[in-house]
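The values are calculated or read from the model by the stated rules, or taken from the named source; none is laboratory data. A quick note: this is a predicted structure, and the numbers were derived from the prediction, not measured. So basically every Cβ, Gly included, is an ideal-geometry build from the backbone, and we count neighbours across all protein chains shown.
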Amino acid sequence: MKRLRDTLRGLAWVSPWLVGCAAFTLLPVLMSLAFSFTDYPIIERPVWTGLENYRALLKDPVFAQVMRNTVIYAAFSIPLQTVLALAVAALLNQKVRGVRFYRAAVFVPAVVPAVACAMIWYWLFNGELGLINQALGVLGVSGPSWLKERGWAMAALILVGVWNIGQAVVIYLAAMQDVPRSLYEAASIDGAGPVRRFISVTLPGVSPVVLFNVITGVINTWQVFAVPYIMTEGGPDRSTLFYSMYLYQSGFVYQKLGYAGALAWVQFVIIMALTLLTFAVSRRTVHYRAA
């Protein structure tokens, strides 16, 4: 009886979270699954259509373009963010004067709200008055209309994503400081230089953290919304229309909640498949230290 009372008391304490999770997370998820099998124009009752929304995805040219855009964005953003974050973390792991200031400066973009970040970069990439093109003009280079040309708009968004690596840098830095110093000393005795020590000691030591950041990068790139929505609104010619943006448009602009539900569940399956694939590939490359 005492164990039962303790259990009930514990459930009572966490009941606000349980109720909130059920009402605002679990219930909407189940509703979106149900809506994905219906034709639901918001202002009318949903009509059961079975798998029609999923069949429509296969014939939707915009869906194909959105998939292509998101794959391109992820294929460039994730490797660039991973390599740059590792390099910056390795530099900040050195004992230099003012290293605390540099660490704080690198982390600042991670705490800037996405809307504010998008507005700042929107003006930086302005084709006529933006600081980037003005700086290029000083060098004698005529800058492009970044956000109005197909290739350059995608490049600009990838650059913004790479700029916001502060959180990954902090995680890598913490992992690097946890690598045993004895491993570096042994590598130095064997004649390994800085590059060889980084490849043979640092990378294996932080490989579990690399896996974590890559998985979170996959999730974030397939759900990117705020920055491209504010900076380009999916243009020009839908060249920067990403998956979550099309999902939002389908549900709340075109008022096709059933179609948006199908998009959401396909997105879930894609992210889950990519996550499992990343885990499978990492079995031979990730090294875990014994406790």
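In table form, for the structure just shown:
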{"quantity": "Residue ID - farthest from residue 254 (Cα to Cα), chosen from residues in segment 1-59 that are of a type in the set (Val, Ile, Thr) and without any contact (Cβ under 8 Å) to a residue 60 or more places away in the chain", "calculated": "7"}
{"quantity": "Residue match in segment 14-29 (condition: within 26 Å of the chain's Cα centre (by Cα), outside the structural domain of residue 163 (by TED's automatic domain parsing), not β-branched (Val, Ile, Thr) and not in a helix (DSSP H, G or I))", "calculated": "no"}
{"quantity": "Condition check for residue 249: surrounded by fewer than 21 Cβ atoms within 10 Å (Cβ to Cβ) and either over 24 Å from residue 153 (Cβ atoms) or small (Gly, Ala, Ser) (or both)", "calculated": "no"}
{"quantity": "Selection from segment 246-291 of residues that are assigned to a helix (DSSP H, G or I) and of a type in the set (Gly, Ala, Ser)", "calculated": "250, 251, 258, 260, 261, 262, 264, 273, 280, 282"}
{"quantity": "Residue list for segment 175-223, restricted to those being modelled with pLDDT under 95 and either assigned to a loop (DSSP other than H, G, I, E, B) or not assigned by TED's automatic domain parsing to the domain that holds residue 276 (or both)", "calculated": "178, 179, 180, 190, 191, 192, 193"}
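Every residue, every condition in (1) in contact with a Gly (Cβ under 7 Å, 6 or more places away or on another chain); (2) over 30 Å from residue 62 (Cα atoms); (3) free of Cβ contacts under 8 Å to residues at least 12 places away in the same chain, yes or no:
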{"site": "135", "(1), (2), (3)": "no, yes, yes"}
{"site": "199", "(1), (2), (3)": "no, yes, yes"}
{"site": "222", "(1), (2), (3)": "no, no, no"}
{"site": "241", "(1), (2), (3)": "yes, no, no"}
{"site": "245", "(1), (2), (3)": "yes, no, no"}
